[in-house]
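Participant: Starting off with a structure, shown below.
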Amino acid sequence: MAIFSVSEAGAKANAICLSIAETTKSNGIDFYEYIKKLFTDLPNLGIQQNPKILDQYMPWSKMIQAECSK
């Protein structure tokens, strides 16, 4: 279990969030704009039927680079 995490699940969630933040940073993406885009777009997409759509939302994708760059 990670330091400062109340549970193992909390530690895992924290690790995931930090990984996303560092990945956006290393790709020159504004973290806030990226998360805002994910929370706005993803609920309205048919990712269960077509998981390949998620490729467009990776921090290194051209669409995300164009819309969320610093």
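Participant: Take the conditions hydrophobic (A, V, I, L, M, F, W, C) and surrounded by 13 or more Cβ atoms within 10 Å (Cβ to Cβ) and apply them to ILE29. Does it pass? Talk me through it step by step, then tell me what you get.
Facilitator: Values: hydrophobic (A, V, I, L, M, F, W, C): yes; surrounded by 13 or more Cβ atoms within 10 Å (Cβ to Cβ): yes.
Criteria met by ILE29.
Residue-by-condition table, conditions (1) among the aliphatic types (A, V, I, L, M); (2) surrounded by fewer than 12 Cβ atoms within 10 Å (Cβ to Cβ):
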site	(1), (2)
ALA11	yes, no
THR23	no, no
TYR34	no, no
THR40	no, yes
GLN49	no, yes
LEU54	yes, no
ALA66	yes, yes
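Participant: Give me the pairs, please: first residue somewhere in segment 6-34 and closer than 20 Å to GLU67 by Cβ and among the polar types (S, T, N, Q), second residue anywhere and assigned to a loop (DSSP other than H, G, I, E, B) and at pLDDT 90 or above, beta-carbon distance under 7 Å, and either six or more positions apart or on two chains.
Facilitator: THR23/PRO59; THR24/PRO59; ASN27/PRO59; ASN27/TRP60
The values are calculated or read from the model by the stated rules, or taken from the named source; none is laboratory data. Quick caveat, the model's predicted, so the values are computed rather than measured. Virtual Cβ from ideal backbone geometry, glycine too; neighbours counted across all protein chains shown.
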